[in-house]
Every structure is written in C-alpha cells, then in structure tokens.
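Visitor: I have a structure I would like to understand better, so I am pasting it below and will then ask my questions one at a time.
The values are calculated or read from the model by the stated rules, or taken from the named source; none is laboratory data. Just so it is clear, the structure is predicted and the values come from calculations on it, not from any experiment. Cβ placement follows ideal geometry from the backbone for every residue including glycine, while neighbour counts extend to all protein chains displayed. SASA here: full protein model, heavy atoms, side chains in, ligands and nucleic acids out. Shrake-Rupley method; radii C 1.70, N 1.55, O 1.52, S 1.80 Å.
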Amino acid sequence: QVQLVESGGGLVQAGGSLRLSCAASGRTSRGDAVGWFRHVPGKERECLAVITWREGSTYHADSVKGRFTITRDNAKNTVYLQMKSLKVEDTAVYYCAAGLKSSSWCGEYEFWGQGTQVTVSS
C-alpha cells in the first residue's frame with residue numbers, strides 16, 4: 001500500500017501561483033511514477049503531469065505546458081506541482097496518484113490521495 005497526502009491548495013487570484021505537494025509513504029517504489037490530476041464536478045478527470053521517481057522523466061499535458069511544472073524530491077518522497085499564471089478555469093480538486101499500472105503516462109493508477117481544492121478567483 002502507498003499513502004498519498006496532498007497539500008498546498010487554496011484560494012488564489014487569477015494570474016497567481018501555487019505549489020501543491022504530494023507526500024508519499026508506505027511501499028513506494030523507485031520504479032513507479034506519480035501523477036497529478038484534477039477534477040471538476042460534471043467533467044472528466046484530467047491528467048496534468050507525471051514524473052518518474054528514478055529518472056525524473058516528466059510528462060505535461062498540453063493544457064498546462066508552460067504554466068505547470070512537476071518535480072520530485074526523492075529524499076522527502078514528495079512530488080510537487082508548481083502552478084503559475086493560474087486561470088479561473090484551473091479551479092478544481094487536485095489529486096496525486098501512484099502505482100501506475102500501464103505503459104501510458106495517464107493510464108490506470110492504483111493509489112490516490114484525498115485531493116486538495118484549488119480555487120482561482122477573477
């Protein structure tokens with residue numbers, strides 16, 4: 001089992017920045033990847049960014065490329081999502097996930113955090 005705890009969400013004005021953290025514990029594997037997703041009620045969950053623990057290889061969705069950056073700190077078992085130039089449409093619950101079960105960056109993940117709310121005001 002892997003436990004994931006997100007933090008760093010909150011209320012920010014459009015154009016502002018936030019950094020989300022995803023602290024992992026339990027049976028984490030350096031062969032694994034961690035992804036950030038977001039969900040707005042009534043819409044499909046969106047895969048935003050993924051990073052591998054070992055190599056630090058990354059994927060960023062086109063919708064956030066250039067504004068969001070995923071990084072990791074292996075010593076702290078923590079993955080970050082730095083978000084800048086936030087827009088009202090970035091308002092969502094943001095989740096991190098681990099335990100990638102497919103060869104696709106945004107494939108099926110086994111473990112999920114509880115989510116953190118990000119609200120961007122105009």
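Visitor: Summarise the accessible area of the chain (1.4 Å probe, protein heavy atoms) by the percent that is carbon and sulfur. Can you show the working numbers first?
Guide: Working: 2900 of 6280 Å².
About 46 percent, which is the carbon plus sulfur part of the accessible surface.
Visitor: Could I ask something else about it? Assigning unit charges at the beta carbon (Lys, Arg +1; Asp, Glu -1) and nothing else, what dipole magnitude in debye, to the nearest 20, does the chain show about its Cα centre?
Guide: Computed about the Cα centre, the dipole is about 240 debye.
Visitor: Let me ask something else about it. Using Cα positions and a limit of under 15 Å, work out the aspartates and glutamates in reach of Lys76, with same-chain residues fewer than 8 apart set aside.
Guide: Glu6
Visitor: Separate question: Using only alpha carbon pairs under 8 Å that are at least six residues apart, calculate the relative contact order of the chain and give it in whole percent.
Guide: Normalised by residue count, the contact order of the chain is 34 percent.
Visitor: So, one more: Just the accessible area per residue of the chain, please: how many Å² with a 1.4 Å probe?
Guide: Counting only protein heavy atoms, the per-residue value for the chain is 51 Å².
Visitor: Any number yet on Rg/Rh for the range 53-108, C-alpha, Kirkwood?
Guide: My calculation puts Rg/Rh at 0.96.
Visitor: Can you find, among Ala61, Ala75, Thr91, the residue sitting farthest towards the positive end of the charge dipole of the range 50-91, where Lys and Arg contribute +1 and Asp and Glu -1 at Cβ?
Guide: About the Cα centre, the residue reaching furthest to the positive side is Ala75.
Visitor: Based on the alpha-carbon gyration tensor of the range 2-122 and its eigenvalue square roots a ≥ b ≥ c, which shape applies: rounded if a/c is under 1.5, prolate if not and a/b is larger than b/c, or oblate?
Guide: Numbers: a/c = 1.68, a/b = 1.60, b/c = 1.05.
Prolate shape, in that a/c is at least 1.5 and a/b is the bigger ratio.
Visitor: Here's a follow-up. Taking every DSSP beta bridge with both residues inside the chain, roughly what % is antiparallel (nearest 5)?
Guide: Details: 39 of 44 bridges.
So the antiparallel bridges in the chain amount to around 90 percent.
Visitor: Could you compute the net charge surrounding Ala61? Neighbours are other residues with a C-beta less than 11 Å from the C-beta of Ala61; K and R count +1, D and E count -1.
Guide: Surrounding charge for Ala61 is +1.
Visitor: What dipole magnitude, in Debye to the nearest 20, does the range 35-101 give about its Cα centre under +1 on Lys/Arg Cβ and -1 on Asp/Glu Cβ?
Guide: Values: 11 positive and 7 negative charges, 20 e Å.
Here the size comes out at about 100 debye.
Visitor: Kindly identify the range 1-50 as rounded, prolate or oblate by the Cα gyration tensor criterion: order the square roots of the eigenvalues as a ≥ b ≥ c, call it rounded if a/c is under 1.5, otherwise compare a/b with b/c, prolate if a/b is larger, else oblate.
Guide: Numbers: a/c = 2.32, a/b = 1.62, b/c = 1.43.
Note, shape of the range 1-50 comes out prolate.
Visitor: Relative contact order of the range 51-122: what whole-number percent is it, with Cα pairs under 8 angstrom and at least 6 residues apart?
Guide: Answer for the range 51-122 is 24 percent.
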